[in-house]
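Peer 1: Below is one structure. I have some questions about it.
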Amino acid sequence: LKYNQLSGRCRVINAAAGTHNGKVKFDSGGSVTGHIDENGEEVDMIGIADLLNNYTGRRTLVKVGSEGYESQVVAGLKEVTRLADFTFLIEFHEYGFNGVGDPQYVLDTMKGLGGKATDLAGNPVEAIDPAQVSQLVVRFS
């Protein structure tokens, strides 16, 4: 953050974001950057709504890359008080990735909350190919 002169604008939180506050088992050596795994090391988990509700009042970019657990993360967004303050960049993995991936559920949930979904080029997204890794940008107004 310091090297990129972002220290005053970004914050690193050493915890998993999930459905609730607590602990979760995390495998840091698994797929690409690690993932939740019952055989992993216990780490802190922060409920996504609790986390985001601390950052309302200004536009905030939220990058979600949770190795298939996107469905669980976005389910917690129903408790966020001001979704219009956030733009989400979500990376999807194929359906069933790590036993939980469901990209269409994520898209449907975000749209159900009032989000406008586009691809990285700004084109509207109505469906997700469940066999592909893809990215989605969701804005709320």
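Peer 1: How much of the accessible area of the stretch 1-82, probe 1.4 Å, is carbon plus sulfur, in whole percent? Intermediate values should be presented prior to the final figure.
Peer 2: Values: 2600 of 5520 Å².
That fraction is 47 percent.
Peer 1: Between L113 and L6, how many nm apart are label points set 7 Å from Cα along the C-beta direction?
Peer 2: Roughly 2.1 nm, to one decimal.
Peer 1: The stretch 17-86: percent of C-alpha pairs farther apart than 21 Å?
Peer 2: 27
Peer 1: Antiparallel DSSP bridges in the chain: what percent, to the nearest 5? Display every interim value, and only then the final one.
Peer 2: On the way: 17 of 25 bridges.
Counting DSSP beta bridges with both partners in the chain, the antiparallel share is about 70 percent.
Peer 1: Obtain the nm distance between the two label points defined at D50 and Q132 by a simple spin-label model: each point lies 7 Å from its Cα along the Cα-to-C-beta direction.
Peer 2: Reported label-point gap for D50 and Q132 is 3.8 nm.
Peer 1: Find how many whole Å separate the alpha carbon centroid of the stretch 80-126 from the alpha carbon centroid of the stretch 1-62.
Peer 2: Here the two parts' Cα centres lie 18 Å apart.
Peer 1: Could I ask something else about it? How about the stretch 1-92: which GluC sites (Glu not before Pro) there lie in a loop by DSSP and see at most 11 other Cβ atoms within 10 Å?
Peer 2: E38
Peer 1: At a probe size of 1.4 Å, how large is the accessible area of Y105, to the nearest 10 Å²?
Peer 2: Counting only protein heavy atoms, the figure is 80 Å².
Peer 1: Mind running the shape call on the stretch 76-116? Use the C-alpha gyration tensor, a ≥ b ≥ c as the square roots of the eigenvalues: rounded below 1.5 for a/c, prolate if a/b tops b/c, oblate otherwise.
Peer 2: Values: a/c = 2.27, a/b = 2.18, b/c = 1.04.
Note, shape of the stretch 76-116 comes out prolate.
Peer 1: Can you tell me the accessible area per residue over the chain, all protein chains present, probe 1.4 angstrom, in square angstrom?
Peer 2: 60
Peer 1: Continuing with the same structure: Pull up all non-local amide H partners of V64: gap of 5 or more, or a different chain, and H-to-H distance under 5 Å with H placed in the peptide plane.
Peer 2: Amide H to amide H, under 5 Å and 5 or more residues apart or across chains, V64 pairs with L89, I90, E91.
Peer 1: Right, something else. With all distinct Cα pairs included, what does the Kirkwood hydrodynamic radius of the chain come out to in Å, to one decimal, could you say? Before the final figure, lay out the partial values.
Peer 2: Details: mean 1/r = 0.0637 Å⁻¹.
For the chain, the Kirkwood estimate is 15.7 Å.
The values are calculated or read from the model by the stated rules, or taken from the named source; none is laboratory data. None of these values were measured; they are calculated from a predicted model. So basically every Cβ, Gly included, is an ideal-geometry build from the backbone, and we count neighbours across all protein chains shown. We work out accessible area using only protein heavy atoms, side chains counted, and drop any ligands, DNA or RNA first. Shrake-Rupley method; radii C 1.70, N 1.55, O 1.52, S 1.80 Å.
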